[in-house]
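Just below is one structure, and these are the notes that go with it.
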Amino acid sequence: MGKILFAVGSGLGNIVQTLPAFHYANKKYGHITVWCASSSYPEFVKLLYGDLTEVADIPKGEYEGQIMTYHVSSLRDKRFPVLSNDVRGFVGKMSEVELNLRCVGDGYTDGDFSVASVFSGIDKKSESDVLIHNGYNKTTERAREVWEAKSYPYWEKVAKTLRVQGLTVGSIGSTDEYVEGTANLTGKPIQETIGLLKGCKVFLSNDTGTYHLANVIGVPNVVVFTFTCNRKNYDVRFHKYSTVVRREDLDCSPCQFAMKHKKAWLLRKGECKWMCREIDPDVIVNIVMETL
């Protein structure tokens with residue numbers, strides 16, 4: 001078969017979670033051209049896939065067909081037949097990583113969830129023992145309002161306790177995601193951030209794109225889930241370097257899919273006060289010390 005167009009969506013984490021599906025599609029069809037449907041992360045897409053196949057910013061040329069991963073199912077190019085499965089009925093019932101694999105087709109195995117590191121050309125930079133990313137989508141005021149519930153309010157306390165334990169702690173992400181009292185490593189290009197992740201001993205984050213990235217790099221990490229549904233954003237086969245921390249004692253958590261087509265955590269903020277964010281910092285500190 002000739003070239004296949006492999007379309008990925010926006011958001012760093014969403015893109016990273018297409019990597020097993022890409023490998024599976026490459027094994028199934030042969031030469032794949034990756035097209036990123038968003039202009040937000042073209043440099044990162046090239047880093048992720050550049051050594052493996054051609055990367056097209058805009059789909060050009062002739063293709064035998066196209067595979068639309070989970071987040072771009074509605075953006076198909078009408079010139080080419082769609083080869084991907086419709087996975088809408090599986091949303092919330094399996095991980096996003098597996099949704100992308102299912103888009104490619106049936107027959108994948110547990111082995112298809114594991115991917116070799118694709119950043120061998122980026123040197124590690126050992127700046128801090130522990131890195132923290134207090135990341136969530138803030139691209140617009142509406143996005144900030146919706147996704148602030150993913151943030152963890154006590155990273156500063158976690159960092160302070162870790163420093164008392166003799167560890168060096170740094171922050172990555174955008175400049176407005178700096179955690180007070182840590183080494184400021186924010187605002188770096190993605191290549192440099194990958195090098196920093198390679199060089200740390202443990203990575204701490206919210207449920208954000210770098211959490212998925214850490215699992216591709218292979219760095220032990222602790223991720224805080226607030227309203228996030230484990231079934232969607234955690235896969236034991238792909239996120240094998242992660243320890244998930246969440247409030248297990250709340251009947252309402254996780255509420256990600258509690259109300260169909262609605263942002264349950266946003267609508268219920270007045271009554272629940274986002275108690276899912278109230279996690280004792282010592283729980284995270286203890287996991288870090290056990291990991292080290």
Quiz prompt | Cα-only Debye scattering, the chain: base-10 log of I(q)/I(0) at q = 0.14 Å⁻¹ | solution = -1.06
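What is region 4-107 by shape, rounded, prolate or oblate, if you read a ≥ b ≥ c off the alpha carbon gyration tensor as root eigenvalues and call it rounded for a/c under 1.5, prolate for a/b larger than b/c, and oblate otherwise? Let's see the in-between values first.
Values: a/c = 1.40, a/b = 1.17, b/c = 1.20.
Since a/c stays below 1.5, the shape of region 4-107 is classed as rounded.
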Quiz prompt | Nitroxide proxy distance, nm - points 7 Å out along Cα→Cβ at Arg76 and Ser114 | solution = 3.4
Self-check item: Nonlocal amide H pairs with Gly170, under 5 Å, H built at 1.01 Å
Solution: Val130, Leu131, Ile132, Ala183
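How much FRET efficiency would the formula 1/(1 + (r/R0)^6) give for Gln191 and Val146, where r is the Cβ-Cβ distance and R0 is 30 Å, rounded to 0.05? Don't jump to the answer; show the numbers that get you there.
Numbers: r = 29 Å, r/R0 = 0.98.
For R0 = 30 Å, the calculated efficiency reads 0.55.
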Quiz item: Residue by residue, what Karplus-based ³J(HN,Hα) values in Hz, rounded to whole numbers, does region 105-121 have, using 6.51, -1.76 and 1.60 with θ = phi - 60° and x for Gly and Pro?
Solution: x, 7, x, 6, 10, 4, x, 6, 7, 8, 10, 6, 4, 10, 10, 5, x
Self-check item: Phe113, Phe227 arranged by Cβ crowding within 10 Å, fewest neighbours leading
Solution: Phe113, Phe227
Quiz item: At 222 nm, what helix-only mean residue ellipticity would the chain give, in deg cm²/dmol to the nearest 500, using -39500 (n - 2.57) for each DSSP H run of four or more?
Solution: -8500 deg cm²/dmol
Self-check item: Within the chain: Cβ-based charge dipole about Cα centre, in debye rounded to nearest 20 (Lys, Arg +1; Asp, Glu -1)
Solution: 580
Quiz item: How far apart, in nm, are the 7 Å Cα→Cβ label points at Ile287 and Glu271?
Solution: 2.9
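Taking a ≥ b ≥ c as the square roots of the Cα gyration tensor eigenvalues, with a/c under 1.5 meaning rounded and otherwise prolate when a/b beats b/c, else oblate, which class fits region 130-291? Could you put the intermediate results ahead of the total?
On the way: a/c = 1.55, a/b = 1.47, b/c = 1.06.
It is prolate, given that a/c is not under 1.5 and a/b is the larger ratio.
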Exercise. Please work out, to two decimal places, the log10 of the ratio I(q)/I(0) at q = 0.16 Å⁻¹ from a Debye calculation in which every Cα of region 204-276 carries one identical scatterer.
Key: -0.59
Quiz item: Roughly how tilted is helix 155-164, in degrees to the nearest 10 and between 0 and 90, from the longest Cα axis of the chain?
Solution: 60
Practice problem: Using only the Cα atoms of region 99-148, build the gyration tensor, take square roots of its eigenvalues as a ≥ b ≥ c, and label the shape rounded, prolate or oblate: rounded if a/c is under 1.5, else prolate if a/b is larger than b/c, else oblate. | Solution: oblate
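Values quoted throughout were computed directly from the atomic coordinates according to the rules given, and no laboratory measurement underlies them. The structure presented is a predicted model; accordingly, all values stated were derived computationally and were not measured. Every residue, glycine as well, gets a Cβ built from its backbone with ideal geometry; the counts of neighbours run over all protein chains shown.
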